[in-house]
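The structure under discussion appears below in the form of structure tokens.
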Amino acid sequence: RHLNGTRKAVQFYDDAMRQNEAIRLHVLAHVDKAVEDGWLQVYYQPLVDIKRKAVASYEALSRWSDPQYGFLTPDQFVEPLERVRMIYKIDLNVLRRYGQLVRDWQAAGRTVLPISFNISRTDLEAGIDLFGEIEAIIREEQIPKKLVHVEITETALNGDSAVMQRAVRRFHDMGLEVWMDDFGSGYSSLNVLKDYQFDVIKIDMVFMGKFDERSKTIVRDVCRMAADLGIRTVAEGVETAEHYAFLKEVGCTYAQGYLFSKPVPPDQIPEEGFQF
Ligand code: C2E
Ligand code: MG
Ligand code: MG
Ligand code: MG
């Protein structure tokens, strides 16, 4: 019976592997179609200004609604596309779709809130003029630059730091804020704060997930240090009132997480904005 159970487990694992592999290949083969035919949607998750308890901006996150495989989350398409350096197609799509939203909302007399959107390190190694492409979309869609912030994940800072420092400077020259995503998830450390001029640090959600004394001490000190350096902070993965009270006490600038809202499609953002 034991053997039988093992065999079943292996079979199950095999099927799952094969399914993942099929999705991976499907994603690589259809990324252009997904962009052109609107399979890619942009969801928005509010970041709450902790002092004012009001929405300050949204993080724009990609979702892939596939005619064959249904709803795909980023873990199913981001890494495969990064590996072949095609994720920039998705990242640029986010900005373009946001541009359309800004125009729609302006036409409807609605308040437009800023966004942060994600880029991957491989966007800088894809053999495209990333900065030129972003500049072009901002110009064509007439997006006010102060509405756009770029998130770069901490792990992307590994490798050639000159390349990344130049990238941060280029974005600043363009008039865009640069935010560091997932701080504390990788191996880089205080060097990052010294060597890069980030406007905002997003503290990885593992700290809220654990929320023991050690995690709290780290979050407290990161928030204090960032404040002294003139850098704003976001806590990711804020799920409870207890998290929020703690963040308020330690002077974190923004909170992002399910306590307020999951990422939602734009038509689920209330017209008068989220009220918390
Ligand atoms: P990220 O940039 O760190 O985005 C935050 C992730 O945390 C999102 O997952 C969000 O749904 C999730 N999250 C937010 N609040 C909570 C919470 O309270 N609890 C929990 N458990 N999770 C929360 P999502 O949308 O699945 O995205 C995962 C990652 O995929 C993102 O992490 C980002 O690295 C990447 N990604 C998503 N969209 C894009 C994109 O358009 N371009 C690129 N390059 N990467 C993207
Ligand atoms: Mg992010
Ligand atoms: Mg993050
Ligand atoms: Mg992340």
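The values are calculated or read from the model by the stated rules, or taken from the named source; none is laboratory data. Computed from a prediction, not measured in an experiment: that's the story for all the values here. A quick note on method: Cβ atoms are made from the backbone with ideal geometry, for glycine too, and the neighbour counts reach across all protein chains shown. Remember, those area values only see protein heavy atoms, side chains included, never the ligands or the DNA or RNA. Shrake-Rupley method; radii C 1.70, N 1.55, O 1.52, S 1.80 Å.
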Each label point is 7 Å from the Cα along the Cα-to-Cβ direction; what then is the distance between the points at THR240 and ASP104, in nm?
-> 3.7 nm
Cα centroids of segment 130-188 and segment 1-33: how far apart, whole angstrom?
-> 35 Å
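For the pair GLU271 and ARG139, what calculated FRET efficiency results from E = 1/(1 + (r/R0)^6), where r is the Cβ-Cβ distance and R0 = 22 Å, to the nearest 0.05?
Details: r = 28 Å, r/R0 = 1.29.
For ARG139 and GLU271, the calculated efficiency is 0.20.
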Sequence-separation-based contact order of the chain, relative, with Cα cut under 8 Å and 6+ spacing, percent | 19 percent
Round to the nearest 10 and report in Å² the accessible area of HIS172, as given by a 1.4 Å probe over the protein chains' heavy atoms.
-> 60 Å²
Ignoring ligands and nucleic acids, LYS248 exposes an accessible area, probe 1.4 Å, in Å² to the nearest 10, of 120 Å²
Net lengthening on full extension, ALA227/VAL35 (0.36 nm per residue, minus Cα-Cα) = 65.2 nm
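May I ask you to list the chymotrypsin sites (Phe, Trp or Tyr not before Pro) in segment 177-233 that are in a DSSP loop and have at most 10 other Cβ atoms within 10 Å of their Cβ? The partial results should precede the final answer.
Details: sites: TRP179, PHE183, TYR187, TYR196, PHE198, PHE207, PHE211; in loops: TYR187, TYR196, PHE198, PHE211.
Taking segment 177-233 and a limit of 10 other Cβ atoms within 10 Å, the loop chymotrypsin sites (Phe, Trp or Tyr not before Pro) found are TYR187.
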Rounded to whole Hz, the Karplus (6.51, -1.76, 1.60) HN-Hα couplings of segment 28-39, x for glycine and proline = 4, 6, 10, 4, 5, 4, 4, 5, 5, 8, x, 5
Considering only protein heavy atoms, what is the solvent-accessible area of SER62 at a probe of 1.4 Å, reported in Å² to the nearest 10?
-> 20 Å²
Members of LYS33/LYS89; LYS53/LYS262; LYS33/LYS146; LYS194/LYS248; LYS202/LYS262; LYS146/LYS202 lying beyond 22 Å, as alpha-carbon distances in this model show | LYS33/LYS146; LYS194/LYS248
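Top to bottom by accessible area (1.4 Å), largest first, where do MET225, MET174 land? Spell out each step's value before the answer.
Working: MET225 65, MET174 15 Å².
Ranking MET225, MET174 by accessible area, largest first, yields MET225, MET174.
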Add -39500 (n - 2.57) for each DSSP H run of 4 or more in the chain, then divide by its residues: what number comes out at 222 nm, to the nearest 500 deg cm²/dmol?
-> -15000 deg cm²/dmol
Report, by chain and number, residues whose modeled amide H sits under 5 Å from the one on ALA56, excluding near sequence neighbours (fewer than 5 apart, same chain).
-> LEU47, VAL48, ASP49
